[in-house]
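Just below is one structure, and these are the notes that go with it.
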Ligand code: PMV
């Protein structure tokens, strides 16, 4: 099993890492250095750059991470498959303290500190996650103090709301000494996601707690996608917030105006999923990258790219990336670039920042047996 401890995420100030532990929850162990115990007795420090978190022991801790779509966005809306990647280097962490009777439930976060009952609209999904999880595990939501801090960027298609919800659900369950089944946990995250997005596909809720790439078909997870050799990706922030609803509506409108053209492109996008999965399974970076770049061009044809995203894709390819594409709904958000080798990911990230990306994150997907380690 890989014992790598989590590193802070932004490439600009930090070192890329790979093969990180999947998100797990556990109790804080030490008062010397804030940390939590995870399976196997390992100790992971709480990231110092998430300042909202309590440095002293709490009753429950939960972690989840970001996600990126490797292939299939938009086509998945029309019945095609899609593959989403966990981004474990970008974490959301929640902590729960059990309050004495009579205390009002409260929240501490970067956006709001105060009673849970009066959170601002953007934190209603968090309140929903606290409430749903507390009821599920038999705790009184009015007697919880919840802290949340997240490094998953908001509005960039990286699953911020689902990651926070998943961390909250895990922390509440941990405070009750309960382990939730994957399906119960998923439903609780989805309750929060429905408040955030109305009709979430479930792709984010599944991938923010996954420790391997996940294949989806018609909103259902089809299982983990094997990784045949370590592959390193750089995620580059365009600096522009994107609305999934607007992008999905754009494609729908274009499809109504020119059904044959758009259906043809969507079909071609869907047809890339199997070759991309095969390339991931065999560890062929060139074939994987070619599929990603082709997907970018098709996504541009259906109108969801932007000049900023196109420029970042060109910058990545210009310095020898194996492939690059927008990831998620488009219009803004992020670009996902595949390094030709894990050793070249740092230079690729630097090139993307030089091309204007305000932030980049580098991650290496380990070969599947390494990822599963001793638990396989
Ligand atoms: O919300 P994002 O940026 O991760 O993109 C969602 C993916 C879409 O295919 C565009 C929409 C969907 O519901 O699958």
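No lab work stands behind these numbers, since they all come straight from the coordinates. Remember, it's a predicted structure, so these values are computed and weren't measured experimentally. All Cβ positions, glycine included, derive from the backbone under ideal geometry; neighbour counts span all protein chains shown.
Annotations
- Taking only the Cα atoms of region 117-235, the ratio Rg/Rh comes out at 0.99, with Rh defined as the Kirkwood radius.
- Burial order of peptide ranges 224-237, 64-77 (average beta-carbon count within 10 Å, highest first): 64-77, 224-237
- Pairs of alpha carbons in the chain separated by more than 25 Å make up 52% of all such pairs.
- Peptides ranked, highest mean first, by Cβ atoms within 10 Å: ranges 88-96, 280-288: 88-96, 280-288
- Helix-only CD estimate at 222 nm, as mean residue ellipticity for the chain, using -39500 (n - 2.57) per DSSP H run (n ≥ 4): -11000 deg cm²/dmol
- Gain on full extension, evaluated as 0.36 nm per residue between residue 260 and residue 217 minus their Cα-Cα distance, stands at 13.2 nm.
- Taking every alpha-carbon pair under 8 Å whose residues sit at least 6 apart, region 251-376 reaches a relative contact order of 18 percent.
- Working from label points 7 Å from Cα in the Cα-to-Cβ sense, the residue 111 to residue 194 distance is 2.0 nm.
- Applying 1/(1 + (r/R0)^6) with r as the Cβ-Cβ distance of residue 48 and residue 99 and R0 = 22 angstrom yields a FRET efficiency of 0.25.
- Chain lengthening between residue 245 and residue 354 when straightened (0.36 nm per residue, less Cα-Cα): 36.2 nm
- Sequence-separation-based contact order of the chain, relative, with Cα cut under 8 Å and 6+ spacing, percent: 20
- GNM result for the chain, Cα springs below 10 Å: residue of 268, 136, 183 fluctuating most strongly: 183
- Binned Cα-Cα distances of region 226-373, short to long, each 5 Å bin given as a whole percent: 2, 11, 19, 20, 19, 15, 9, 4, 1, 0, 0
- In terms of overall dimensions, region 36-221 has a Cα radius of gyration and Dmax of 15.9, 51 angstrom.
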